[in-house]
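Each reported figure results from applying straightforward, stated rules to the coordinates on display, with no laboratory input. Just so you know, these numbers come straight off a predicted model, no measurement behind them. Counting neighbours? That spans all protein chains shown, and the Cβs are built from the backbone with ideal geometry, glycine included.
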Amino acid sequence: MSGRDRIVRLCEAGGDARELRLRLLGELRATIGFDAYAFLLTDPETSVGCAPIADVPVLRELPRAIRLKY
């Protein structure tokens, strides 16, 4: 089964949004590898990010990294 197929199956399984994102991050890490992430949900009406989960080397730098992205 390809990485894409495994990700689709994880999404189809549904469940709690936080747990789903953690499972997706595990699959993505195994497929492409990375050492840091910030993963938040975005409200479709306001485009405001919410419910973030992150693993970054220097936590106090996370707000700055997010600002630089936008």
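Counting neighbouring Cβ atoms within 10 Å and putting the fewest first, the residues E12, E61, E27 line up as E12, E61, E27. Round to the nearest 10 and give me the degree value, 0 to 90, for the angle of helix 3-13's Cα axis relative to the longest principal axis of the chain. Between helix and principal axis, roughly 90 degrees. With respect to the chain, whose longest principal axis is taken over its alpha-carbon atoms, helix 17-31 is tilted by about 80°.
With all projection directions averaged, the alpha carbon convex hull of the chain covers 5.6 nm². Maximal additional length on extending the L59-V8 stretch stands at 15.3 nm, based on 0.36 nm per residue less the C-alpha distance.
All other residues with a Cβ under 14 Å from the Cβ of V58 taken together, and with Lys, Arg as +1 and Asp, Glu as -1, what is their net charge? That works out to -1. Here r is the Cβ-Cβ distance between L68 and M1 and R0 is 22 Å; the resulting FRET efficiency, rounded to 0.05, is 0.05.
Dipole check for the chain: with +1 at the C-beta of Lys and Arg, -1 at the C-beta of Asp and Glu, and the Cα centre as origin, the magnitude is about 220 Debye. Here each label is just a point 7 Å from Cα along the line to Cβ, and for F39 and A17 those points are 1.4 nm apart. Among V8, V58, the ranking by other beta carbons within 10 Å of each residue's beta carbon, starting with the fewest, stands as V58, V8. In order along segment 35-41, phi translates into HN-Hα couplings of 10, 7, 7, 9, 10, 10, 8 Hz, rounded to whole numbers, per the Karplus curve 6.51 cos²θ - 1.76 cosθ + 1.60 with θ = phi - 60° and x for Gly and Pro.
Each helix, a run of at least 4 DSSP H residues, gives -39500 (n - 2.57); summed and divided by the residues of the chain, these come to -15000 deg cm²/dmol at 222 nm.
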